[in-house]
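Below: the structure, in structure tokens.
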Amino acid sequence: MKIKINLGAISEPMQSENLKTGDWGTHYPVVDKEKCTACKTCEQYCPDLCIEVKEFGDEKYAVVNYNYCKGCGICASVCPFEAIKMELKDIFKFDAC
Amino acid sequence: MKYFGSGHGACPGCGLPIAVKTVLNLLDGKVFAVNSTGCLEIISSQYGKNAWNVPYIHSLFENAAAVAAGVEAALRALKRKDEGHVVVFAGDGATADIGIGTLSGAFDRNHDILYICLDNEAYQNTGHQQSGLTPPGESTTTTPAGKVLPGKVGRKKDMISIAVAHGIPYVASSSVGYVSDIRRKVKKAVKFEGAKYIQIHSPCVTGWGIDGSIAIKVARLAVETGLYPLVEFEYGKLTSVRKIKDRKPVEEYLKLQRRFRHLFTHEKGREMIETLQRFADENAERYGLDLKRE
Amino acid sequence: MVKILIEVRFHGRGGQGAVTAADLLAVAGFKEGYYTLSFPMFGAEKRGTPVVSFLRISDEPIVARDEVYNPDYVVVLDPTVMETVNVVAGLKKGGMLIANYPKSSEDLKKEVKADELGIKVATINATKMAMEVLGRPITNTTMVGAFGGATRLIALETLLEVVREWFKGELAEKNAKLVEEAYRYMMEVCR
Amino acid sequence: MRKVVRGFYSVAYSVKLCKPNVICAYPITPQTEIVENLAAMYANGELGDAEYITAESEFGAASMLVGASAAGARVFTATCSQGLILMSEVLFNAAGMRLPIVLVNTNRALSAPLSIWNDHQDSMAMRDAGIMQVYVENNQEAHDMIPQAYKVAENRKVLLPFMICMDGYKLTHAYEPVDLLEQETVDSFLPPYEPAAYMTTKKPLAFGCYAPPHVYMEFRVAMQQAMERARKIMLDVFKEWGELTGRDWGGHITVDFPDSKIFVVAMGSVVGLLRKVVEELRGEGLSVGLIKIRTFRPFPVEELREALKDAEKVIVLDRSVSFGYEGPVSIELKSAIYGHSSAEIYSFAVGLGGRDMPKDFLEKIIRDVAEGREKPGFAFKGYQEFEEVIP
């Protein structure tokens, strides 16, 4: 079957979003809605553009897109209100023998 | 609107996408991005996996400034200047070493471009080799700490002064540790017609040997110790400095990073730490970094 | 059809206009209906070094771009060049040496052994003329005029037209004066 | 309008008529006056809205053209020798990015020893870059090639850089009559540049992406296919030019006296004199013809096979050497006619670093081959016997 290639390897925009990098890390961030003040600090520092403050009716808090989160922990580290905790993914949990 | 996509290939905790998205967002995507070969290029511009949502070009390692000059000239000739700003994203090696010729040319001709040097202090893309912007005392694969040598000897090239010496309208240093500082400086820079240079300190988790979770902390410590002063020049005149309250000893910054770890055990390590402290002190003196109590 | 191919070699020093002299004649020859080609053989040296340039004039398109080894005419713009360069090398029997030379033709004839070689010699004190008119020892236009007067290949009017196109304002008139004086002088001498 | 002009001007004037948007250049002998002429036109406001940029190096000049071309501009530069070699990294890149950059190379020898004089070593070194190369014989052909180069390079079936090679000094510094084109003629032949894809915020594409092994090769095959398509497109453009201007410079090669037993093969400014020499030798009864290679890339494989199928002896005059083998034109000619001709090949490297090639020198080469005084194979011609000593 023929594949299509673009002239001179020119690429369309935003194709990277087809790549789900959410499975890269060992940890994942969990936002405490109660503590979150929607200050957007995490949003500004996230290197993977995958945490965003969203509105839910009267509520506003940071939401993580786990499709892309690589679990670097920057959001948790910069949160001025300690509203984000990094947790180990279940798959890495095992009972010590 | 997102101008830089998720799913790019940067290491978890990489500083580069933070700087890039901050710049692109601030300029509302009205950007012609010119990128030199390096980490950023590799993580964002694989064929078919492009992370950019602005017109983007990568040509070679050492010619981003010239390519940007060409883009800018074309926009001028074609009366399309209002489409956006020409912004270079180049690494420290591409800027201070191999590409300094084309950089100097573009500054000399004062092309209307914003040149952003993403300074992670070594050739990190190829596995942490020293560049002109690698600080002394850093162990890289081409300046390894050995029985005799304590990592890189010499200095970190003063690109800020080199840029200022070209007489371009705007020169600044900033840091991924302070995205609001990046925003403020980019906003100011693009108001100037002509060449602008912003050097942004950007942590590299693998090269520096740090965990992503402390990347921002480490970046801020570089500023808080005086090793990476955040300054601003307009038409060659120092116009602003980020003051430091209770400047921290450089050891606090160094001890967190694998690249400097040997300094605490090496025979010449102490001497090197003192040298780095002296550089920080000199920076403080030169730019008046210390916030004096009334 | 009579085929004409006239080949000329110019000797001068960098800065005196040996290249321009050949170029002026290429333009003038073209204006008179010939095909022409002029080109220099540069050294990499700067002002003052001996310089050679070439001119071909023909009634058919010129394809030869090699140097001129057997010229019909040799034009010398600077008398001192003759001390180090054998300017008459390869000059055809019956050909002519047209030289900027402060002494008489007879003196130069002896010097270059003109009779042995079977060549003609015509001299003109171009440096003196150029100094008087231009105040500088740039002899190209004087020698262009001298070439025209000595060979009658190109009409004086054509040369004047070319010089007036090439130079501007006062300089054009001064050079035109030199061309005319040299042309008329040579017409007398070479009668 | 026919005028006596210097070679430089014939190029610069033609470039102007093609209305480039961006010109970037760095001066180098013997290219300098081309860009000086363009700079003067720019200073006098004769280049319309075009930008003329003085680069910090040839490397910078070529890099700026990459940026400008990707942003949608028609671009031009000129260089030679060390300058071309300094550009080479960028030019390989530009070809891969499929940017229709047009440049003029005023062929000059390469250092060391330093030489400012003419041979073809510089452009031959760019053989594998993916750049079309045409060698011109005189300044009229150089003048005429500029619009044709743009038309071929910008054809959407091609989109590759185009390099016009003209001999330094021999052509650049020559003052000769050239029929200067009229603006209307060029306008009727060369449409305004409409880039196939270009950098714009309206459609944010990424240029110069890298390709991992699973897809890299396809882009390189595509370049070869573009070169193959260029063969035909060039012939169409050459023909159209001939019909428009009355000056038909031929196809990829030109053949004088196709029924000859012996052929001389050459490129560039020596061709004119060779033609005269061949004509004269034929007058003496020698069965000798002349092949001028115009297009070196894409290489005229089929044309040479056809022209040389019945030839007995072929003399290839190369103006450069692939050290350790022989002249590159000869190497390529041999590979092209392999299995299609049983001719003996006489491969001679001549005229290096501006060594003059007078008429009797060329005559002697042909006579010596015709009369059996030469052996097939490679040799340098026109140098002095020497002994190399260590000082």
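The values are calculated or read from the model by the stated rules, or taken from the named source; none is laboratory data. This one's a predicted model, so the numbers in the text were calculated from it and none came from an experiment. Cβ atoms come from the backbone with ideal geometry, glycine included; neighbour counts cover every protein chain shown.
Details
- Residue ID - nearest to B:Gly93 (Cα to Cα), chosen from residues in region B:43-63 that are in contact with a Phe, Trp or Tyr (Cβ under 8 Å, 6 or more places away or on another chain) and not in a loop (DSSP other than H, G, I, E, B): B:His58
- Among the residues listed as D:His214, D:His173, the single one being outside the structural domain of D:Asp356 (by the TED database), part of a loop (DSSP other than H, G, I, E, B) and either touching a strand residue (DSSP E or B) at 6+ places or on another chain (Cβ under 9 Å) or at pLDDT 95 or above (or both): D:His173
- Only one of the listed residues (D:Glu303, D:Glu332, D:Glu279, D:Glu326) is within 14 Å of chain C (Cβ to nearest Cβ), acidic (Asp, Glu) and not in a strand (DSSP E or B). That residue is D:Glu279.
- Test: B:Leu238 is of a type in the set (A, V, I, L, M, F, W, C), more than 23 Å from B:Cys204 (Cα to Cα), buried (at least 18 other Cβ atoms within 10 Å of the Cβ) and within 20 Å of the chain's Cα centre (by Cα): no
- Residue selected from region D:218-275 under the condition within 15 Å of the chain's Cα centre (by Cα) and of a type in the set (Phe, Trp, Tyr), by the criterion farthest from the other protein chains (Cβ to nearest Cβ): D:Phe238
- Qualifying residue in region A:24-45 (condition: of a type in the set (Val, Ile, Thr), within 14 Å of chain D (Cβ to nearest Cβ) and in a loop (DSSP other than H, G, I, E, B)): no
- Residue check for D:Phe76: assigned by the TED database to the domain that holds D:Ala12, aromatic (Phe, Trp, Tyr) and over 18 Å from the mean Cα position of the chain (by Cα): no
- Of all residues in region D:133-167 being in a loop (DSSP other than H, G, I, E, B) and out of contact with any helix residue (DSSP H, G or I) (no Cβ under 8 Å at 6 or more places or on another chain), the one that is nearest to the other protein chains (Cβ to nearest Cβ): D:Arg156
- Among the residues of region B:117-174, the one identified as among the charged types (D, E, K, R) and over 18 Å from B:Leu227 (Cβ atoms) is B:Lys147.
- For region B:86-97, a tally of residues being crowded, with 21+ Cβ neighbours inside 10 Å and either within 11 Å of chain D (Cβ to nearest Cβ) or not in a strand (DSSP E or B) (or both) returns 7.
- Top-ranked residue in region C:136-150 [being at pLDDT below 95 and out of contact with any Gly (no Cβ under 8 Å at 6 or more places or on another chain); ranked as farthest from C:Lys174 (Cα to Cα)]: C:Pro137
Yes or no, residue by residue, for (1) in a helix (DSSP H, G or I); (2) within 29 Å of B:Gly212 (Cα to Cα); (3) facing another protein chain (nearest Cβ under 9 Å):
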{"site": "B:Gly29", "(1), (2), (3)": "no, yes, yes"}
{"site": "B:Glu41", "(1), (2), (3)": "yes, yes, yes"}
{"site": "B:Val67", "(1), (2), (3)": "yes, no, yes"}
{"site": "B:Glu72", "(1), (2), (3)": "yes, no, yes"}
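- All conditions in (1) in contact (Cβ under 8 Å) with a residue 24 or more places away in the chain; (2) within 21 Å of D:Trp117 (Cα to Cα); (3) surrounded by 15 or more Cβ atoms within 10 Å (Cβ to Cβ); (4) not small (Gly, Ala, Ser) hold for D:Pro358, with the sole exception of (1).
- Candidates B:Gly137, B:Gly132, B:Gly127 - the one that is in a loop (DSSP other than H, G, I, E, B), touching a Phe, Trp or Tyr at 6+ places or on another chain (Cβ under 9 Å) and more than 7 Å from chain D (Cβ to nearest Cβ): B:Gly137
Each row is one residue, and each column tells you yes or no for (1) under 16 Å from D:Ile146 (Cα atoms); (2) polar (S, T, N, Q).
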| residue | (1), (2) |
| --- | --- |
| D:Val237 | yes, no |
| D:Ala266 | no, no |
| D:Ser269 | no, yes |
| D:Gly272 | no, no |
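- Among the numbered conditions (1) surrounded by fewer than 22 Cβ atoms within 10 Å (Cβ to Cβ); (2) touching a residue at least 60 places away in the same chain (Cβ under 8 Å), the only one that B:Ala219 does not meet is (1).
- Restricted to region C:32-91, and to residues there that are part of a loop (DSSP other than H, G, I, E, B) and under 11 Å from C:Gly12 (Cβ atoms), the residue that is nearest to the other protein chains (Cβ to nearest Cβ) is C:Thr49.
- Annotation for region C:124-144: at least one member residue is of a type outside the set (A, V, I, L, M), free of Cβ contacts under 8 Å to residues at least 24 places away in the same chain and outside any helix (DSSP H, G or I).
- Per the listing B:Gly146, B:Gly154, the residue uniquely surrounded by fewer than 16 Cβ atoms within 10 Å (Cβ to Cβ), on the phi > 0 side of the Ramachandran plot and not hydrophobic (A, V, I, L, M, F, W, C) is B:Gly154.
- Test: residue in region B:196-211 that is of a type in the set (Gly, Ala, Ser), in contact with a Phe, Trp or Tyr (Cβ under 8 Å, 6 or more places away or on another chain) and either surrounded by 20 or more Cβ atoms within 10 Å (Cβ to Cβ) or within 14 Å of chain A (Cβ to nearest Cβ) (or both): no
- Sole exception among (1) under 21 Å from the mean Cα position of the chain (by Cα); (2) in a helix (DSSP H, G or I) for B:Glu271, by number: (1)
- Checked across region A:46-64, the condition of being more than 17 Å from the chain's Cα centre (by Cα), at the interface with chain B (Cβ under 10 Å from one of its Cβ atoms) and surrounded by fewer than 17 Cβ atoms within 10 Å (Cβ to Cβ) holds for no residue.
- Residue match in region D:188-195 (condition: among the aliphatic types (A, V, I, L, M) and either surrounded by fewer than 17 Cβ atoms within 10 Å (Cβ to Cβ) or under 24 Å from D:Thr295 (Cβ atoms) (or both)): yes
- If you go through region D:18-59 and pick out every residue that is of a type in the set (Val, Ile, Thr), under 20 Å from B:Arg109 (Cβ atoms), in contact with a helix residue (DSSP H, G or I) (Cβ under 7 Å, 6 or more places away or on another chain) and more than 14 Å from chain B (Cβ to nearest Cβ), you end up with 1.
- Here C:Ile98 does not fit the description of being assigned to a loop (DSSP other than H, G, I, E, B) and farther than 15 Å from C:Glu180 by Cα.
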